[in-house]
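Q: Below are the structure tokens for one structure; questions will follow.
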Amino acid sequence: HADGPRPRVIAYASSQNIDAVSTLTRDLYDACGVELRVLPEQPSWRAPYPHGNKMVAASDMRDTARAVFLDTDMVCLRPLFDMARLPPNTVAAAPEGVPTWGRDDDRWERAYAHFDLPYPTERVRLLRGRKKEFVPYFNAGFVAFPDGSEGGQARFAERWIETALDLDHNCRIGGKRPWLDQISLPLTLARFGYDTDVLGETWNYSLARRKDYAATPDVHVYHYHRFRYLVQA
């Protein structure tokens, strides 16, 4: 953006996979000013959890006030500077499309009770299907968050990982994988008093299994899931 600050863009790969990043990809990163980094070490998950890479990437030290995590399968069509202008204690994310976890039983009640938190009264409107109202539940493919530390306290991403680890090891609730990142996100917000900016679909527009790709809107971010959906759109 000619009139705004240039964002730092960082791509992450695990230590096992970074040598497999192709020369073409590295040349593209160089041309676009993208820094390629090795992911920090994995925390001690109860069992292997590849989806946890997004929390691990978010926890890396970047010496920035705010950051936006983006899944690999996303395309930005508009500037994201609105995310840089959010208040300091605010985390922004778009609701999940459907209630992939905690739909049919008391799982959310037990998750909140595990952390001695009241069951939330607020609701978000999910973005796919019947667009039902649901307890705060967000797609973790796009998360804008405060990236600094205040007064030596833990950073947001560190708190997100700590919450996920506690839930993983100490809370007997079924079906946590692969949804542990999305289950622990609203719990982290509640535990540590973060304000939430509930984003609209334009910030995390899922292209998966749409009926009419001719009607694909012009949005901030496409979340394409499979390359064939991006081609159709």
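Q: Going by Cα centres, segment 49-99 and segment 157-233 are how many Å apart?
A: Result: 10 Å between the Cα centres.
Q: Still on this structure, I have one more. If you average the sequence gap of Cα pairs under 8 Å that are 6 or more apart and divide by the length of the chain, what percent do you get for the contact order?
A: This gives 24 percent for the chain.
Q: Then there is this: Residue 132: accessible area at probe 1.4 Å, nearest 10 Å²?
A: Result for residue 132: roughly 90 Å² accessible.
Q: Related question: Might you report the magnitude of the Cβ-based charge dipole of the chain about its Cα centre, with Lys and Arg at +1 and Asp and Glu at -1, to the nearest 20 debye?
A: The calculated dipole for the chain is roughly 760 debye.
Q: In segment 11-61, with Lys and Arg counted as +1 and Asp and Glu as -1 at Cβ, which of these residues, 56, 12, 36, has the Cα nearest the positive end of the dipole, that is, farthest along it?
A: Value computed over the given set: 56.
Q: Let me ask something else. According to the square roots a ≥ b ≥ c of the eigenvalues of the Cα gyration tensor, what is the shape class of segment 17-64, taking rounded for a/c under 1.5, prolate for a/b larger than b/c otherwise, and oblate for the remainder?
A: It comes out oblate by the Cα gyration axes.
Q: Filter the GluC sites (Glu not before Pro) in segment 74-133 to those in DSSP coil with at most 13 other Cβ atoms within 10 Å of their Cβ, and list the result.
A: 122
Q: When the dipole is taken about the Cα centre of segment 102-156, and only Lys, Arg (+1) and Asp, Glu (-1) are charged at their Cβ, what size is it in debye, to the nearest 20?
A: Using Cβ point charges on Lys, Arg, Asp and Glu, segment 102-156 gives about 440 debye.
Q: OK, next. Check the chain and count each lysine pair with an alpha-carbon distance under 22 angstrom, considering only pairs eight or more places apart or from different chains.
A: 4
Q: Now for a separate question. For segment 57-165, what class follows from the C-alpha gyration tensor (a ≥ b ≥ c being the square roots of its eigenvalues): rounded when a/c is under 1.5, otherwise prolate if a/b is larger than b/c, else oblate?
A: Judged from the Cα gyration tensor, segment 57-165 comes out oblate (a/c at least 1.5, b/c at or above a/b).
Q: State in Å² the accessible area per residue of the chain; use a 1.4 Å probe, count heavy atoms of protein chains only, and round to the nearest integer.
A: That works out to 55 Å² for each residue.
Q: Another question, if that's okay. How large a share of the accessible area of the chain, in percent, is made up of carbon and sulfur atoms when the probe is 1.4 Å and the other protein chains stay in place?
A: In the chain, the share of accessible area belonging to carbon and sulfur is 50 percent.
Q: If amide hydrogens are placed 1.01 Å from N in the peptide plane, which non-local residues have theirs closer than 5 Å to the one on residue 97?
A: Hits under the 5 Å cutoff: 127.
The values are calculated or read from the model by the stated rules, or taken from the named source; none is laboratory data. Keep in mind the model is a prediction, meaning the values are calculated, not measured. Every residue, glycine as well, gets a Cβ built from its backbone with ideal geometry; the counts of neighbours run over all protein chains shown. With ligands, DNA and RNA removed, areas are computed over all heavy atoms of the protein, side chains included. Shrake-Rupley method; radii C 1.70, N 1.55, O 1.52, S 1.80 Å.
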